[in-house]
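These notes concern the structure reproduced below.
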Amino acid sequence: MSEQLSIYDQIEIEDFTFDPVQQLFTYPCPCGDRFQICLEDMKDGEDVAVCPSCSLMCQIIFEEEDLQEYIDQIDH
């Protein structure tokens with residue numbers, strides 16, 4: 001049985017803010033908090049960021065090779 005996701009918006013990966021220490025992508029949510037997804041989940045193929053304060057989710061538009069520049073930020 002597949003779970004129906006309620007996607008608020010589709011957002012390009014370059015519009016997210018990346019924190020190399022926490023390895024976390026964030027983007028402002030309309031509720032005032034931020035959508036969040038970790039780099040490890042994205043490497044595993046996950047493309048939905050969730051806001052911890054409300055039920056909104058957004059889909060991240062990216063190609064797997066886009067992640068390399070963020071991985072490089074961690075390794076240095």
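The strands (runs of 3 or more DSSP E) found entirely in the chain that carry 2 or more residues being β-branched (Val, Ile, Thr) and within 10 Å of the chain's Cα centre (by Cα) are 48-50, 57-61. Within the stretch 25-58, count every residue that is more than 17 Å from GLN68 (Cβ to Cβ) and in contact with a helix residue (DSSP H, G or I) (Cβ under 8 Å, 6 or more places away or on another chain). Residues flagged as more than 17 Å from GLN68 (Cβ to Cβ) and in contact with a helix residue (DSSP H, G or I) (Cβ under 8 Å, 6 or more places away or on another chain) within the stretch 25-58 amount to 1. Confirm whether GLN73 is in contact with a Pro (Cβ under 7 Å, 6 or more places away or on another chain) and in contact (Cβ under 8 Å) with a residue 24 or more places away in the chain. Yes.
Just so you know, all these numbers are worked out from the coordinates, no wet-lab data involved. Note that the structure is a prediction, hence the values are computed from the model and not measured. In this analysis, Cβ positions are derived from the backbone assuming ideal geometry, glycine residues included, and neighbour counts consider all displayed protein chains.
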